[in-house]
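One structure below.
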Amino acid sequence: MVPLIRSRQLVTVAPVDPTKLEVGDIVLVRVAGTTYLHLVSAVNSRAGRVQISNNRGRVNGWTNYARVYGICTAVDGEPRPRSADKVRTP
């Protein structure tokens, strides 16, 4: 399986409105003191949290909206689908 983002690829990340997240989005999250890019595999808007996973189907767990810092909007300059309308505006 080809990864969504390969090592050393340039990514663009923007602040996100977590209430707009959907399955398939790539988000910047802080888990156990470390910040990672993860794939959103489920959304529980009622509880204000998202489930994060890797690209191979391994579920890493749930995290709340407060720990979701950004959304990946582009990889190597190629825009990610459906990400632009999820960017948080000041």
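Within region 25-43, is there a residue that is at positive phi and under 12 Å from the mean Cα position of the chain (by Cα)? No, the conditions are met nowhere in region 25-43. Looking across region 45-65, the residues that are modelled with pLDDT of 95 or more and either loosely packed, with under 12 Cβ neighbours inside 10 Å or charged (D, E, K, R) (or both) come down to Arg46, Ala47, Arg49. Residues that are crowded, with 18+ Cβ neighbours inside 10 Å and either of a type in the set (Lys, Arg) or in a loop (DSSP other than H, G, I, E, B) (or both) within region 10-32 comprise Leu21, Asp25, listed in sequence order. In summary, strands (runs of 3 or more DSSP E) completely within region 33-90 and bearing 1 or more residues that are without any contact (Cβ under 8 Å) to a residue 60 or more places away in the chain, over 26 Å from Arg8 (Cβ atoms) and of a type outside the set (Asp, Glu) occur at 34-44, 49-53, 59-64.
The values are calculated or read from the model by the stated rules, or taken from the named source; none is laboratory data. Just so it is clear, the structure is predicted and the values come from calculations on it, not from any experiment. In this analysis, Cβ positions are derived from the backbone assuming ideal geometry, glycine residues included, and neighbour counts consider all displayed protein chains.
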